[in-house]
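Data block below; observations after.
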């Protein structure tokens, strides 16, 4: 006890911080059964690796590939349950120790093979692009897959 009769304050250890962070959850849209309605559930938040970035997802595109995946008809079969969502935009809320190209507060877009239809997404920092100032999240989120499809069509016409 200190001079005020209160217990002394002790900083939280890194192990305790990791434990508390591992108990965090976020809401995500899950495909729990093929060809059935999607469900919204709380899922556990993961710890960041040194090269990763945690993103607060603002917008997520819903593509034909997502629809096919939820019907079990996509070229890659996701194990159930899975979180769809292949393109997204949002704000960086946390960065790993080795990340130098992106910082907290940056507005970014990214493309993934799934898991973006959620409140948060963890991405490799090298797979993100900063959103130019003035571009709305909705427009930014729609860019990755449509842009990629257009490039593919032009190369293979």
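Part of a loop (DSSP other than H, G, I, E, B) and under 25 Å from residue 44 (Cα atoms): does that describe residue 98? Criteria met by residue 98. Only residues that are under 13 Å from residue 31 (Cα atoms), in contact (Cβ under 8 Å) with a residue 24 or more places away in the chain and part of a loop (DSSP other than H, G, I, E, B) were counted in the range 72-91, giving 7.
Being buried (at least 20 other Cβ atoms within 10 Å of the Cβ), in contact with a strand residue (DSSP E or B) (Cβ under 8 Å, 6 or more places away or on another chain), at pLDDT 95 or above and closer than 22 Å to residue 24 by Cβ is true for just one of 108, 43. Which residue is that? Working first, answer last.
Values: 43 fails: buried (at least 20 other Cβ atoms within 10 Å of the Cβ).
Of 108, 43, the one residue that is buried (at least 20 other Cβ atoms within 10 Å of the Cβ), in contact with a strand residue (DSSP E or B) (Cβ under 8 Å, 6 or more places away or on another chain), at pLDDT 95 or above and closer than 22 Å to residue 24 by Cβ is 108.
For the range 129-137, does any single residue satisfy the condition of being within 18 Å of the chain's Cα centre (by Cα), touching a residue at least 40 places away in the same chain (Cβ under 8 Å) and within 23 Å of residue 51 (Cβ to Cβ)? Yes, because at least one residue in the range 129-137 is within 18 Å of the chain's Cα centre (by Cα), touching a residue at least 40 places away in the same chain (Cβ under 8 Å) and within 23 Å of residue 51 (Cβ to Cβ).
Tell me, please, whether a residue that is within 17 Å of residue 129 (Cβ to Cβ) and modelled with pLDDT under 95 can be found in the range 63-79.
As a first pass, look at the range 63-79 and keep what is within 17 Å of residue 129 (Cβ to Cβ): none.
Checked against the condition, which is being within 17 Å of residue 129 (Cβ to Cβ) and modelled with pLDDT under 95, the range 63-79 yields no hits at all.
Sub-7 Å Cβ pairs linking a first residue in the range 95-111 that is without any contact (Cβ under 8 Å) to a residue 24 or more places away in the chain to a second residue that is assigned to a loop (DSSP other than H, G, I, E, B) and crowded, with 20+ Cβ neighbours inside 10 Å, at least 6 apart or interchain, number zero.
Of all residues in the range 107-147, those being part of a loop (DSSP other than H, G, I, E, B), farther than 18 Å from residue 63 by Cα and touching a helix residue (DSSP H, G or I) at 6+ places or on another chain (Cβ under 8 Å) number 1.
The values are calculated or read from the model by the stated rules, or taken from the named source; none is laboratory data. On a predicted model such as this, the values are computed, not experimentally measured, just so you know. All Cβ positions, even for glycine, are placed from backbone atoms using ideal geometry, and neighbour counts span all protein chains on display.
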